[in-house]
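First the structure, in the form of structure tokens, and then the observations on it.
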Amino acid sequence: MEEILSVKNLKKYFVKGGFARQKETVRAVDDISFSIKSGQTFVLAGESGSGKTTVARLILRSIEPESGDIIFDGIKITNDASSLKKIRTECQMIHQDPYASVDPRMKIFDIVREPLDIHAIGKPSERKDLVFAALRDVKLDPEEIASKYPHMLSGGQRQRVAIARSIATKPKLIIADEPVSMLDVSVRVGILELIKELQNKHGISFLYITHDLSTARYVGHVISILYLGKIVETGLINDVLLHPRHPYTQALMDSISEPNPANLQKEKKIRINEPIETDVYQGCRFRARCPYAIEKCKQEPELEPSGDKRSVACFVKID
Ligand SMILES: Nc1ncnc2c1ncn2[C@@H]1O[C@H](COP(=O)(O)OP(=O)(O)O)[C@@H](O)[C@H]1O
Ligand SMILES: [Mg+2]
């Protein structure tokens, strides 16, 4: 199978606010398409609120899409029991907060074993070996750690336990939603290295979700940049991050690069242009903040091919 996951024209809108007059529709995910090649890491990047976690929840069918298709390992995921079982055993999720995602009253052994029991994977007598193998895979010593509780571990160790739990069922795809953003900077690289190692060893594909482009570059092969529910740029990771063509990608890169005077100037320009808009869903969603905006940006730009394996949704496009 060339592609492990393919998402086509996915949409999810939320209605916010209690009273009819204050109701506001948020287009959290608005017609997005992408696919992930087997054995690769696909990055979905964007600021907080851009719709990243909503995409993850749609893939795992913990929420229903408005419209659009999710094809996982050649099977269209719908609400029938067999496709739900497939996605929930063969696709696992790692969350931002390793503490919130595990039950604090369970021992590490039981935390890692639980998905094997739930999905009836392996004979019960074999499950101990599967748990120990998963713990060794994430570089934890099973003898030492299996009978401990989560509060006895460091943040980095807890995230390793969460990863062991996610690989125990031998998934084909792991969705990692900001897996290092709550961790100490000093332990982040170790977790990112582990992700790469697990990919090499087991051929696992990853959907890596982040607001942080520097960690994205460390693990990713392909990236899509999300802005208010729309993909604005997509391509091979080094092409997109080293030569951004969408003004929003460029702004994100500038915000992490060396503070040289030229970048400060650009940042200021973007801040001056903070949203003054009433309707962000008319035309290009970034135009109110964009230093390059022109009249035409009141129309909606399509995500169009622009160079090798690259697509950009912008009328201006930076060179
Ligand atoms: N259950 C929900 N009800 C209403 N609005 C939601 C819900 N979930 C997410 N949203 C809104 O959808 C948008 C995208 O949210 P989210 O996918 O969590 O973004 P991200 O993960 O990129 O920070 C935000 O505006 C958020 O407030
Ligand atoms: Mg999120």
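Each value in this text was obtained by applying a stated rule to the coordinates, not by laboratory testing. Here the structure is a predicted model, which means the values were calculated and not measured. Neighbour counts are summed over all protein chains in view; Cβ atoms, including those assigned to glycine, are modelled from backbone coordinates with ideal geometry.
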remark   = Val7 neighbourhood, Cβ < 14 Å, K/R = +1, D/E = -1, net charge +3
task = Identify the residues of segment 101-115 with backbone N under 19 Å of a label point that sits 7 angstrom from the Cα of Tyr149 along the Cα-to-Cβ direction, or state none.
result = 101-114
task = With a cut-off of 17 Å, note down the residues of segment 52-75 whose backbone N falls inside the zone around a label point 7 Å from the Cα of Lys23 toward its beta carbon.
result = 66
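May I ask you to derive the relative contact order of segment 3-242, considering only C-alpha pairs under 8 Å and at least 6 residues apart, and to give it as an integer percent? Show your work: numbers first, answer last.
Working: 451 pairs, mean separation 68.4, N = 240.
Once normalised by length, the contact order is 28 percent.
Would you calculate a helix-derived [θ] at 222 nm for the chain, using -39,500 (n - 2.57) for each DSSP H run of n ≥ 4 and dividing by the full residue count, to the nearest 500?
Working: 11 runs with 111 residues, N = 319.
-10000 deg cm²/dmol, from helical runs alone.
Where does each of 72-83, 56-67 land if you order them by average Cβ count within 10 Å, highest first? Please report the intermediate quantities before stating the final value.
Values: 72-83: 13.2, 56-67: 16.7.
In decreasing order of mean packing, 72-83, 56-67 become 56-67, 72-83.
Using a 10 Å cut-off on Cβ atoms, rank the peptides 104-113, 294-303 from the highest mean neighbour count down. Please list the in-between numbers first.
Values: 104-113: 18.4, 294-303: 13.7.
Listed from highest to lowest mean packing, they are 104-113, 294-303.
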request  = Starting from the Cα-Cα distance between Leu236 and Val189, subtract it from 0.36 nm times their residue separation and give me the gain in nm to one decimal.
outcome  = 14.8 nm
task = Would you kindly derive the ³J(HN,Hα) couplings of segment 53-58 from the backbone phi angles with the Karplus curve 6.51 cos²θ - 1.76 cosθ + 1.60 (θ = phi - 60°), listing them in order in whole Hz, with x for Gly and Pro?
result = 5, 4, 4, 4, 5, 5
note = Taking every other residue with Cβ under 9 Å from the Cβ of Thr234 and scoring Lys and Arg +1, Asp and Glu -1, one gets +1
request  = Enumerate the calculated ³J(HN,Hα) couplings along segment 62-75 in order (Karplus 6.51 cos²θ - 1.76 cosθ + 1.60, θ = phi - 60°), each rounded to whole Hz, writing x wherever the residue is Gly or Pro.
outcome  = 7, 9, 8, x, 5, 6, x, 10, 10, 10, 10, 6, x, 10
inquiry  = Please list, short to long, the whole-number percent of alpha-carbon pairs of segment 3-242 in consecutive 5 angstrom bins beginning at zero.
reply    = 1, 6, 14, 17, 19, 16, 12, 8, 4, 1, 0, 0
key: Residue-wise HN-Hα coupling along segment 219-225, computed from phi with Karplus coefficients 6.51, -1.76, 1.60 (Hz; x: Gly, Pro)   = 10, x, 10, 10, 9, 10, 9
